[in-house]
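Data block below; observations after.
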Amino acid sequence: MVSLKEVNENNFKTVVGMKLNEEQSKYVASNVYSLAQAWLYPDEAKPYAIYNDEEIIGFMMLDWDEKKRECGIWRFMIASNRQGMGYGRKALMYALNLIKDTGKFDYVFLDYVPGNEAGKHLYESMGFIETGEIEDDEIVMKLDL
């Protein structure tokens, strides 16, 4: 079963050690970089290891802004050796349910790098729509809750 657990001293090394293939690495920042950002923005950044049962298979970081009633999916990756097995969809669904169940947010947003067709397809299939906005050369998508 896919779930999210906060990054901590028990799963940190595995999360940091996860890699994407060379082609995909241009679409998402490294987990090390993401965790450094989480340290810089502790009130907003919520870093999670993505688990399948007891195995760490990916990483997700949320951008938690209760004041604006918006939550962003700041980072999202499934380790290259675990892709194509439906884990990305299950992890995204888990995260969306987690966010929705708080009752603290009106919508979820995320950005994707142009050319990341697999990511775009997944996000659209989950109900995200492009807003027409570009942020840091990335296409912004939104899902109303």
Is one or more of the residues making up the range 104-117 among the basic types (Lys, Arg) and under 22 Å from residue 3 (Cα atoms)?
-> yes
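Before we move on, is residue 78 within 26 Å of residue 42 (Cβ to Cβ) and out of contact with any Gly (no Cβ under 9 Å at 6 or more places or on another chain)? Steps first, please.
Details: within 26 Å of residue 42 (Cβ to Cβ): yes; out of contact with any Gly (no Cβ under 9 Å at 6 or more places or on another chain): no.
In short, no.
Regarding the range 97-108, can at least one residue be identified that is modelled with pLDDT under 95, basic (Lys, Arg) and out of contact with any Pro (no Cβ under 6 Å at 6 or more places or on another chain)? Before you say what the answer is, go through the steps one by one.
As a first pass, look at the range 97-108 and keep what is modelled with pLDDT under 95: none.
No, the range 97-108 contains no residue that is modelled with pLDDT under 95, basic (Lys, Arg) and out of contact with any Pro (no Cβ under 6 Å at 6 or more places or on another chain).
Just to be sure, is residue 86 among the small types (Gly, Ala, Ser) and under 21 Å from residue 127 (Cβ atoms)?
On the way: among the small types (Gly, Ala, Ser): yes; under 21 Å from residue 127 (Cβ atoms): yes.
So residue 86 fits the description; yes.
Do you know which residues across the range 51-79 are in a loop (DSSP other than H, G, I, E, B) and either farther than 25 Å from residue 21 by Cβ or in contact with a His (Cβ under 6 Å, 6 or more places away or on another chain) (or both)?
Here is the first cut: in the range 51-79, the residues in a loop (DSSP other than H, G, I, E, B) are 53-54, 66-69, 79.
Result: 66, 67, 68, 69.
Just to check your reading of the model, which residue among 66, 70, 44, 54 is over 24 Å from residue 120 (Cα atoms), touching a strand residue (DSSP E or B) at 6+ places or on another chain (Cβ under 8 Å) and surrounded by fewer than 19 Cβ atoms within 10 Å (Cβ to Cβ)?
Working: 66 fails: touching a strand residue (DSSP E or B) at 6+ places or on another chain (Cβ under 8 Å); 70 fails: over 24 Å from residue 120 (Cα atoms); 54 fails: touching a strand residue (DSSP E or B) at 6+ places or on another chain (Cβ under 8 Å).
That would be 44, the only listed residue that is over 24 Å from residue 120 (Cα atoms), touching a strand residue (DSSP E or B) at 6+ places or on another chain (Cβ under 8 Å) and surrounded by fewer than 19 Cβ atoms within 10 Å (Cβ to Cβ).
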Would you call residue 48 in contact (Cβ under 8 Å) with a residue 12 or more places away in the chain, farther than 22 Å from residue 140 by Cβ and among the aromatic types (Phe, Trp, Tyr)?
-> no
For the range 109-126 the number of residues that are outside any helix (DSSP H, G or I), surrounded by 15 or more Cβ atoms within 10 Å (Cβ to Cβ) and either touching a His at 6+ places or on another chain (Cβ under 6 Å) or not hydrophobic (A, V, I, L, M, F, W, C) (or both) is 3
Residues of the range 22-41 being loosely packed, with under 10 Cβ neighbours inside 10 Å and either outside any helix (DSSP H, G or I) or touching a Pro at 6+ places or on another chain (Cβ under 6 Å) (or both), in sequence order, are 22
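The values are calculated or read from the model by the stated rules, or taken from the named source; none is laboratory data. Owing to the predicted nature of the structure, the values given are computational and were not obtained by experimental measurement. Positions of Cβ are generated from backbone atoms using ideal geometry, with glycine treated the same way; all protein chains shown enter the neighbour counts.
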